[in-house]
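Dumping the structure here so I can ask a few things about it.
The values are calculated or read from the model by the stated rules, or taken from the named source; none is laboratory data. Computed from a predicted structure; not experimentally measured. No Cβ is skipped: glycine too gets one built from the backbone with ideal geometry, and neighbour counts run over all protein chains shown. Each accessible area value is taken on the protein alone, full model and side chains, heavy atoms only, with ligands, DNA and RNA left out. Shrake-Rupley method; radii C 1.70, N 1.55, O 1.52, S 1.80 Å.
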Amino acid sequence: MVEPLVSKQWFVRTKPLAEKAIAAVDEKRIEIVPEVWLKTWNEWMLNIRDWCISRQLWWGHRIPVWYCDACGETIITREDPTECSKCGCGSAALRQDPDVLDTWFSSGLWPFSTLGWPDKTDDLKHFYPTTTLITGFDILFFWVARMAMLGIEFMGGDGVPLEQSVPFRQVYIHGLVRDADKQKMSKTKGNVIDPLVVTEEYGTDAVRMALLLGAAPGTDIVFSPERLDSARAFANKIWNAARFILTNQGESVAAPDRVEDRWIASRLNQCAKQMNQAIETFRYHEAAQTIWHFIWDDFCDWYIELKKDSGDWERIRKVFEQTLALLHPLMPFITEELWHRFAEREGESVSLQAYPQYDEKLDDPKAEAEIQLLQDVVSSLRNLRADLSLDPKLPLDGLINGADVSPHYAVIRKLAKVNLELGETPKSGAVKSMSGFTVSINVPAAQLEKQRVRLEKERDQLVKNIANSDRQLNDEVFLGKAPQKVVDSIRAKKVEYESQLQKVQDSLNS
């Protein structure tokens with residue numbers, strides 16, 4: 001049987017403390033980011049009640065209260081008393097309150113008690129108030145509010161400016177890390193992730209990047225194996241790119257500035273601009289997405305491929321080092337390791353280098369437009385091959401109309417395996433039209449016949465799939481027993497089959 005037991009507890013009158021903390025947020029001396037959490041802050045603070053700080057635990061900060069067994073006096077003091085302040089009896093008659101302070105009370109003292117308070121130390125003067133506190137929304141009241149109330153109360157007054165009494169200037173509120181089903185992690189549910197196990201399997205940097213990519217302000221972070229696999233693949237991509245550059249660095253030769261060099265400098269410059277803006281506005285997921293796209297797409301998939309034949313590996317290395325500096329706050333371990341491998345830097349760290357900044361002089365819209373056109377042409381030719389299920393290594397002849405990419409014919413031949421020429425493209429056959437150009441490839445007759453047979457088989461299968469879907473959807477008995485989500489799935493698949501059939505039929509008719 002559980003029976004409630006009435007006991008004496010110590011409380012803090014929080015209304016006066018809360019009023020000062022509310023004013024600090026209203027006056028922007030403390031800024032809460034994102035602002036969506038201001039409503040939650042005000043709900044807590046405007047309806048605050050007195051705070052019970054007594055806890056019956058085995059460890060913690062003892063409540064600074066002593067009782068005199070001789071006269072019953074209650075003594076509250078900062079220092080351990082040696083005698084009763086009322087009857088003067090010795091310390092043997094004094095008994096300290098057995099309770100300890102609430103954990104959040106002790107935590108609320110953290111911003112200044114760790115810096116030497118109540119003494120006016122140099123550390124306290126230099127580091128209080130701090131700049132930014134980063135925390136989860138679930139302890140906005142339990143910790144953030146307590147630090148604000150206690151900090152303003154104990155560090156304010158005595159002519160201290162109001163802006164100097166707050167414990168921090170900004171509070172960035174991030175979401176909770178939830179499991180793949182968006183459930184809160186709990187030992188009871190058995191869905192807790194051991195960070196030591198995960199980092200051992202995927203690598204610390206991969207785990208950091210997976211979390212950052214999902215850390216949009218105001219939302220929770222979904223922790224899934226798929227994201228971890230993707231982030232680990234990204235880390236491997238960086239490592240392999242670095243190894244490839246280091247392997248060829250000894251063969252580097254000086255080469256004139258080319259359009260792809262101006263393009264990558266402009267793209268890297270834009271990347272620096274976007275990342276700095278994202279970090280300054282606490283949009284860390286955008287910073288992660290920006291550098292991910294630059295490294296994977298711009299640098300690895302295009303720039304290295306465009307530069308392979310030039311032999312200018314020194315220029316590639318310089319671009320890569322700047323990229324490592326941009327990536328370092330997000331993936332500190334792999335970037336630090338590679339930073340030292342590219343040169344002998346005793347005692348230095350990439351974290352001590354100036355963070356890359358945007359330079360308007362490096363912007364080159366003309367070079368970006370030229371390389372974008374090249375990318376569109378190569379991608380169109382590759383997609384055309386894929387649509388026709390042609391051997392990606394089979395050399396073909398092709399025509400382009402509407403755009404001049406003659407300076408890049410050799411690159412197109414290398415990347416798309418198409419010997420491209422300027423000319424009028426046919427109105428039918430293997431043709432792909434884009435907004436600024438049209439490309440076509442000459443497909444051998446044997447390949448066309450093979451393609452026709454494949455498309456006919458695909459058409460016949462899709463017709464069967466549609467007929468089977470119609471049979472199920474017209475069966476009243478089936479519809480009466482099947483769950484609604486199953487029926488909706490069949491309808492969605494039928495729509496997809498019909499769309500695929502239309503594309504196949506268009507290919508057969510062309």
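Among the residues of segment 454-463, is any over 23 Å from residue 391 (Cβ atoms) and under 41 Å from the mean Cα position of the chain (by Cα)?
Yes - at least one qualifying residue is present in segment 454-463.
Now for a separate question. Looking only at segment 464-510, how many residues end up being of a type in the set (Lys, Arg), over 30 Å from residue 388 (Cα atoms) and at pLDDT below 85?
Selection size over segment 464-510: 2.
Which of the numbered conditions does residue 406 fail, given that it passes all the others? Conditions: (1) under 30 Å from residue 235 (Cβ atoms); (2) out of contact with any helix residue (DSSP H, G or I) (no Cβ under 9 Å at 6 or more places or on another chain); (3) among the hydroxyl-bearing types (Ser, Thr, Tyr).
Of everything listed in (1) under 30 Å from residue 235 (Cβ atoms); (2) out of contact with any helix residue (DSSP H, G or I) (no Cβ under 9 Å at 6 or more places or on another chain); (3) among the hydroxyl-bearing types (Ser, Thr, Tyr), residue 406 misses just condition (1).
For the subset of segment 29-63 comprising residues that are within 28 Å of the chain's Cα centre (by Cα), touching a residue at least 40 places away in the same chain (Cβ under 8 Å) and part of a helix (DSSP H, G or I), which member is nearest to residue 144 (Cα to Cα)?
Applying the filter and picking the extreme gives 41.
Please work out if residue 192 is of a type in the set (A, V, I, L, M, F, W, C), more than 25 Å from residue 324 (Cβ to Cβ) and open to solvent by 70 Å² or more (accessible area, probe 1.4 Å).
yes
Given the conditions (1) free of Cβ contacts under 8 Å to residues at least 24 places away in the same chain; (2) open to solvent by less than 70 Å² (accessible area, probe 1.4 Å), report the number of the one that residue 464 does not fulfil.
All conditions are met except number (2).
Checking residue 213 against (1) under 17 Å from residue 278 (Cα atoms); (2) open to solvent by less than 20 Å² (accessible area, probe 1.4 Å), which test does it fail?
Exception for residue 213: condition (2).
When only residues in segment 174-194 that are of a type in the set (A, V, I, L, M) and part of a loop (DSSP other than H, G, I, E, B) count, which is nearest to residue 139 (Cα to Cα)?
Taking the candidates together, the pick is 176.
Next up: Kindly check whether there is at least one residue in segment 165-181 that is among the basic types (Lys, Arg) and either touching a His at 6+ places or on another chain (Cβ under 9 Å) or exposed (fewer than 12 other Cβ atoms within 10 Å of the Cβ) (or both).
The answer is no; no qualifying residue exists.
Given the condition in a loop (DSSP other than H, G, I, E, B), surrounded by fewer than 19 Cβ atoms within 10 Å (Cβ to Cβ) and of a type in the set (A, V, I, L, M, F, W, C), answer yes or no: does some residue in segment 120-136 qualify?
No: segment 120-136 contains no residue that is in a loop (DSSP other than H, G, I, E, B), surrounded by fewer than 19 Cβ atoms within 10 Å (Cβ to Cβ) and of a type in the set (A, V, I, L, M, F, W, C).
Which of the residues spanning segment 64-95 are in contact with a Phe, Trp or Tyr (Cβ under 6 Å, 6 or more places away or on another chain), open to solvent by less than 50 Å² (accessible area, probe 1.4 Å) and touching a residue at least 24 places away in the same chain (Cβ under 8 Å)?
94 - this is the single residue of segment 64-95 that is in contact with a Phe, Trp or Tyr (Cβ under 6 Å, 6 or more places away or on another chain), open to solvent by less than 50 Å² (accessible area, probe 1.4 Å) and touching a residue at least 24 places away in the same chain (Cβ under 8 Å).
Then there's this: Quick one: residue 208 ticks every box in (1) open to solvent by less than 60 Å² (accessible area, probe 1.4 Å); (2) in contact (Cβ under 8 Å) with a residue 60 or more places away in the chain bar one, so which box is it?
Residue 208 satisfies all of (1) open to solvent by less than 60 Å² (accessible area, probe 1.4 Å); (2) in contact (Cβ under 8 Å) with a residue 60 or more places away in the chain except (1).
Now a separate question. Could you say whether any residue in segment 74-89 is assigned to a loop (DSSP other than H, G, I, E, B) and touching a Lys or Arg at 6+ places or on another chain (Cβ under 6 Å)?
no
Right, next: Output the number of residues of segment 482-499 satisfying the condition of being open to solvent by less than 70 Å² (accessible area, probe 1.4 Å) and part of a helix (DSSP H, G or I).
Summing the residues that are open to solvent by less than 70 Å² (accessible area, probe 1.4 Å) and part of a helix (DSSP H, G or I) in segment 482-499 gives 8.
Across segment 28-63, what is the total count of residues that are open to solvent by 100 Å² or more (accessible area, probe 1.4 Å) and either within 21 Å of residue 113 (Cβ to Cβ) or in contact with an Asp or Glu (Cβ under 9 Å, 6 or more places away or on another chain) (or both)?
Final tally of qualifying residues: 4.
While we're looking at this one, here's another question. Please specify each residue of segment 1-17 satisfying the condition of being among the hydrophobic types (A, V, I, L, M, F, W, C) and exposed (fewer than 10 other Cβ atoms within 10 Å of the Cβ).
Of everything in segment 1-17, those that are among the hydrophobic types (A, V, I, L, M, F, W, C) and exposed (fewer than 10 other Cβ atoms within 10 Å of the Cβ) turn out to be 1, 2, 5, 6.
Being over 16 Å from the mean Cα position of the chain (by Cα), hydrophobic (A, V, I, L, M, F, W, C), under 22 Å from residue 337 (Cβ atoms) and at pLDDT 90 or above, is that true of even one residue in segment 206-225?
no
Enumerate the strands (runs of 3 or more DSSP E) found wholly within segment 358-442, keeping only those where 3 or more residues are open to solvent by less than 50 Å² (accessible area, probe 1.4 Å).
Hits in segment 358-442: 396-401, 438-441.
Can you name the residue in segment 96-119 that is open to solvent by less than 80 Å² (accessible area, probe 1.4 Å) and hydrophobic (A, V, I, L, M, F, W, C) and, of all such residues, is farthest from the chain's Cα centre (by Cα)?
Once the filter is applied, the top-ranked residue is 100.
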